Amino acid sequence: MEPLTWTGSLSGLNYIFYFVVGLLILSIAISILASLVPSTDSRAVSADGTLAADKGVSGFINMITGYLFLAALALVLVYLIAGIVMGSGAGIFGAMSRQFLPVWIALIVTFSVSITYKRKLGLYGKLFDSTVGMIGFGIVMFWVFTGIMGGVFDMLVTHDSLSQTSGMKNKLPGTPLRGAEDGDFQWFLLGGDNLARDVFSRLIKGSWVVVQIAPMATIFAFMVGITLGLPAGYYGGKLDTGLSFLANLILAFPVILLFYLLVTPEIVLTGIPNYMAIFLFVFPLIFVGILLNSRFHTQPSLRTPLLIGVLGVLGWLYLSLISTGGYAVPDKVWGLPEFLDGFDIDDGVLVVFVAVVFVNSPTVFRIVRGLALDIKTRDYVAAAQTRGEGPWYIMLWEILPNARGPLIVDFCLRIGYTTILLGTLGFFGLGLESESPDWGSTINAGRRLLALYPHAAIAPALALLSLVLGLNLLADGLREESLRD
Amino acid sequence: MGIFILRRLGVMLLTALCLTFIVFWLTNLYPNLEKLAKTQGNFRMSDEAVTSYLDDRGYLQPLPVKFGQWLGVMPGWVTEKEDGTTFGRCFDADTPEADRRTRCGVIQGDWGFSTVFKDEVGSTVATRLALTGKLMLCVLLLMVPSALIVGVLAGMREGSKLDRSLSTFSIATTATPEYVSGVIFIAVLASSKFGLSPILADLGWIDGKTLFLGSATSAMKDANFWNFFLPVLTISLYGMGYIARMTRASMAEVMTAQYIRTARLKGVKFSDIVLKHALRNALIAPFTVIMLQIPWLLNGVVIVETLFNYKGFGWLLVQAAGNNDIELLLAVSVVSVAVVLVTQLISDIGYVYLNPRIRIS
């Protein structure tokens, strides 16, 4: 079987594509230069008193840029659609595009539903008014769908992400699988890595690790940061001084040193990460408990069953999360007995999770504290105080909702930052085991042969780059839209 | 101002003490000590042998005592063996009685002995720090001017095409961690099989096989553009986006100020407005950001030095932490914590000094 080229039978289209992209770059450069020159558009007053202005030179260039951009976009779409139709006939891109078909469908459904109902969806709907936000959201959702479909349901992947195939070591993208049988996928789409595993399948499996850990770790970091930051900002005084000192202490640590100190096997043996997990993961419980209690404590008949129900479920999740095989800390602290234990988290994942939450929460703390300091001087807080509301009610139901704009934006940015941190951990081979398909570990494995076989490291690097870029663009779009409120 | 600096210095010292104590505690946990004993002695040591090895070398004393000895405020441990030889923290068995010191610690300028490099910690850290200093200097020389230029150009006409392009560029750089951009740079510019180098070599435009060198090891002795530019660029790019965005925000804010409008209405040239009226005020905020960015550069330094095999301070950190070289790791953390705290102090003082509204009042 022939090795696949990048675009297969569509290669004639490549020249047109290069040409359009080249023109696009040129026209963007010209329009930037033109924007430096003051525009001299002419204005004419017509007989009925209206003004008419032509768009001038820069307007003309902008129009051309717009059309070129649309043309390039259309060509990309042609590649994708032709790929879906022709499969591997359209080269590596075509085969990948067909492999990702479920993701495309999910994306189209998400976008069409969201755009149809965007006026009813609050801030989320407003996101679809900004191009940047939509692009970012599209990229992020692409990886989320890829992670869920590939990681949970085993769709999309072409080969097993761990099995090694003889003769495929360091093979270039598009190499046909040696000794392939009828049921097998016939190519290694993105080549093989230095252990002869399929880079494409590992890429997809790796996205699940990120999609799973990064948002959850960020949520936990926010819970810790909010639960400690609100009282620090609201009460001030000694509590604030103490907590701020602690936060600054953690922030003064170089992140990598902290990772090296927390995530080595020897430290894991002492159980310190497990103790930290017990401490850090209890914050969502505290947060939800206080949140509901402060709101409903005047109606005990509603409050008590509500709290018992919610805290019961959360408590069970919490205990399942921290305990493995009946212990919360191996051989030291008892946890949930095994028959009640809902699920087990892999030890390496737990350690990585704890480290990332620990590094992120002080920054969230500082942001929340700053926002609380600012908002507590507002009139509606004074009004609530006059009404006789309790301090926690004011913090959680008056201050927090009014700080949501900056917090949501920071949340998106922080998921991106967490992704970078996860990659850093993988890059230094800390935490997750070495055959883990996550992007950082894969880059680490691929960098040794970087000068000779770059494809094994480049693929996860570009994937990580696109996900973080998508999150940044999404945050930018959200910021723009939330400022417009 | 004097009291402010003194208070900040006090908090700094306290922070540094707490942090080193945490590092000390984590590196002195028993599994770490056991690993140390086994790597220093031999891997098949029995548990008793490990215990006696550690006991002889003072590792099994209570933590505060050990910390005090390391600091130099408490007398170092002394072990008398059954065969009559005496050795201690501050002297060997063959040091004459008269030369034996009681205290040797950081305060006395004695940073200890590195088990990985078999050398004095002080001199090891100093050599590596000098190498990283060279790298950092180049990074700052590249990063700060380009970030400021990008930020000022983007911020002077908010919402223009130029602003949009440059802002997208800064977002893209903040989204590219060093290990991603480094990998891409090496693959595109420093691989003999891929990217630009084979094309250029075919055309005969470059002498060697690759355009840039993928390893910066040779840059430790003599750095030139071809072996040093890629690591410098990799670190600079990631830090640049953030500074550029801050500069842009600050510049955009200044450009909407009343006095700028007055200057424009008086007919001052746009370039004069930007350079003479706006720039000075717009650079106050980025200054703090640049200073606070330096600790973050340290992360980048660790990644880039590992990736490009440049044996500087970051590489030292990885070696010390990976091999649990306790005294080296402590020295490394003291230095990096000091860098963080000193830059914070400078940024606070600089902010007050640069901002006339605070300085005069």
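The values are calculated or read from the model by the stated rules, or taken from the named source; none is laboratory data. Because the structure is predicted, anything quoted here is derived from the model rather than measured. Backbone-built Cβ (ideal geometry, glycine too); neighbour counts: all protein chains shown.
At-a-glance table
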{"read-out": "Single residue of the range A:410-424 satisfying the filter (of a type outside the set (Lys, Arg) and more than 11 Å from every other protein chain (Cβ to nearest Cβ)) that is surrounded by the fewest Cβ atoms within 10 Å (Cβ to Cβ)", "value": "A:Phe411"}
{"read-out": "Hits in the range B:322-334 (condition: within 10 Å of another protein chain (Cβ to nearest Cβ) and either surrounded by 24 or more Cβ atoms within 10 Å (Cβ to Cβ) or under 29 Å from B:Gly241 (Cα atoms) (or both))", "value": "B:Asn324, B:Leu329, B:Val332, B:Ser333"}
{"read-out": "Selection status of A:Thr65, surrounded by 13 or more Cβ atoms within 10 Å (Cβ to Cβ), part of a loop (DSSP other than H, G, I, E, B), among the hydroxyl-bearing types (Ser, Thr, Tyr) and modelled with pLDDT of 75 or more", "value": "no"}
{"read-out": "Selected residue (criterion: nearest to the other protein chains (Cβ to nearest Cβ)) from residues of the range A:265-278 that are buried (at least 21 other Cβ atoms within 10 Å of the Cβ) and not small (Gly, Ala, Ser)", "value": "A:Pro273"}
{"read-out": "Members of the range A:463-485 found to be of a type outside the set (Asp, Glu) and more than 8 Å from chain B (Cβ to nearest Cβ), listed by number", "value": "A:Ala463, A:Ser466, A:Leu467, A:Gly470, A:Leu474, A:Ala475, A:Gly477, A:Leu478, A:Arg479, A:Ser482, A:Leu483, A:Arg484"}
{"read-out": "Single residue of the range A:224-245 satisfying the filter (of a type in the set (Gly, Ala, Ser) and within 29 Å of B:Leu298 (Cα to Cα)) that is nearest to the other protein chains (Cβ to nearest Cβ)", "value": "A:Ser244"}
{"read-out": "Test set (1) in contact (Cβ under 8 Å) with a residue 12 or more places away in the chain; (2) more than 8 Å from chain A (Cβ to nearest Cβ) - B:Lys35 fails condition number", "value": "(2)"}
{"read-out": "Check on A:Asn248, in contact (Cβ under 8 Å) with a residue 40 or more places away in the chain, part of a helix (DSSP H, G or I) and either surrounded by fewer than 21 Cβ atoms within 10 Å (Cβ to Cβ) or within 14 Å of chain B (Cβ to nearest Cβ) (or both)", "value": "yes"}
{"read-out": "In the range A:7-27, the residues that are surrounded by 16 or more Cβ atoms within 10 Å (Cβ to Cβ) and at pLDDT below 85", "value": "A:Thr7, A:Gly8, A:Leu10"}
{"read-out": "Residue check, B:Leu279 in the same structural domain as B:Thr234 (by TED's automatic domain parsing), surrounded by fewer than 22 Cβ atoms within 10 Å (Cβ to Cβ) and at pLDDT 85 or above", "value": "yes"}
{"read-out": "Residue identified as under 30 Å from B:Ile326 (Cβ atoms), free of Cβ contacts under 8 Å to residues at least 24 places away in the same chain and not hydroxyl-bearing (Ser, Thr, Tyr) among B:Lys118, B:Lys134", "value": "B:Lys118"}
{"read-out": "Any hit, the range A:386-409, residues being buried (at least 22 other Cβ atoms within 10 Å of the Cβ), within 14 Å of chain B (Cβ to nearest Cβ), in contact (Cβ under 8 Å) with a residue 12 or more places away in the chain and under 14 Å from the mean Cα position of the chain (by Cα)", "value": "no"}
{"read-out": "Only listed residue being under 21 Å from A:Gly8 (Cβ atoms) and either polar (S, T, N, Q) or assigned to a loop (DSSP other than H, G, I, E, B) (or both), chosen from A:Leu190, A:Leu195", "value": "A:Leu190"}
